[in-house]
Amino acid sequence: MKRNFLMGAAALASLATLSACGGAAGDNAAAPAAQETTAAVEAPAAVEAPVAEPAATIDFASMTTDVAKGEKTFALCRSCHVLDEGMNRVGPSLYNVVGRPSGSVAGYSYSDANKNSGVTWTTEVLFEYLENPKAFMPGTKMTFPGVKNAQDRANLVAYLESQSK
Ligand code: HEC
């Protein structure tokens, strides 16, 4: 009995091997079709990419802001900046930052990029800068990737403005 069972199992196993081979041939035939499908799916994605660009041109003035939420987002900055006058940490004090010329905090050792940028930190400039500081100011030593979400960034800038005179 047991022996018959084993032989039967062996026969089934070889059947399975046979059908697996048959299946492999079928898979090969199907492969090019699968590739075409992938290509067809990729094309619309490439067309969509430029649609993201207008988002970068949103201006601060067009946003409705929430200062309390902006204060929470400022947590992202606290490891390197404080708002107290003259208190430089890894980054310069952000005391009165809105309206301040870049690179103007006494006693802070700025990169040339920041010191010589010639920008004034208006709300609009901050809103743009904080999306991607290194893209806005190549050579800055502020190693912070940016606040990508426009609403979060607008709230943050509104908070900085509320803390400036
Ligand atoms: C990892 C540390 C780090 C974090 C986090 C960081 N910064 Fe900075 N930040 C710096 C450094 C360093 C500089 C000086 C850059 C230079 O000299 O190139 C700087 C410069 C700046 C300046 C220019 C100031 C001036 O006087 O010209 C502003 C504005 C600024 N940061 C805002 C922010 C805000 C707002 C956040 C939070 C969203 C933030 N930073 C997060 C390190 C940081």
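No value in this document is a laboratory result; all are computed from the given coordinates. On a predicted model such as this, the values are computed, not experimentally measured, just so you know. Don't worry about glycine lacking a Cβ; one is built from the backbone with ideal geometry, like all the others, and counts go over all protein chains shown.
Summary of values
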item: Local electrostatic count, G139, Cβ distance below 15 Å [Lys/Arg +1, Asp/Glu -1]; result: +2
item: Evaluated over the range 63-162, the Cα radius of gyration and Dmax, each in Å; result: 12.5, 36
item: Residue-by-residue Karplus 3J(HN,Hα) for the range 63-69, coefficients 6.51, -1.76, 1.60, Hz, glycine and proline x; result: 9, 8, 10, 10, 4, 5, 5
item: Formal net charge of residues neighbouring L76 (Cβ-Cβ distance under 15 Å; K, R +1; D, E -1); result: +3
item: Charge context of V125, other residues only, Cβ under 14 angstrom, K/R +1, D/E -1; result: -3
item: Förster-model FRET efficiency, 25 Å R0, T120 and T64, C-beta, rounded to 0.05; result: 0.55
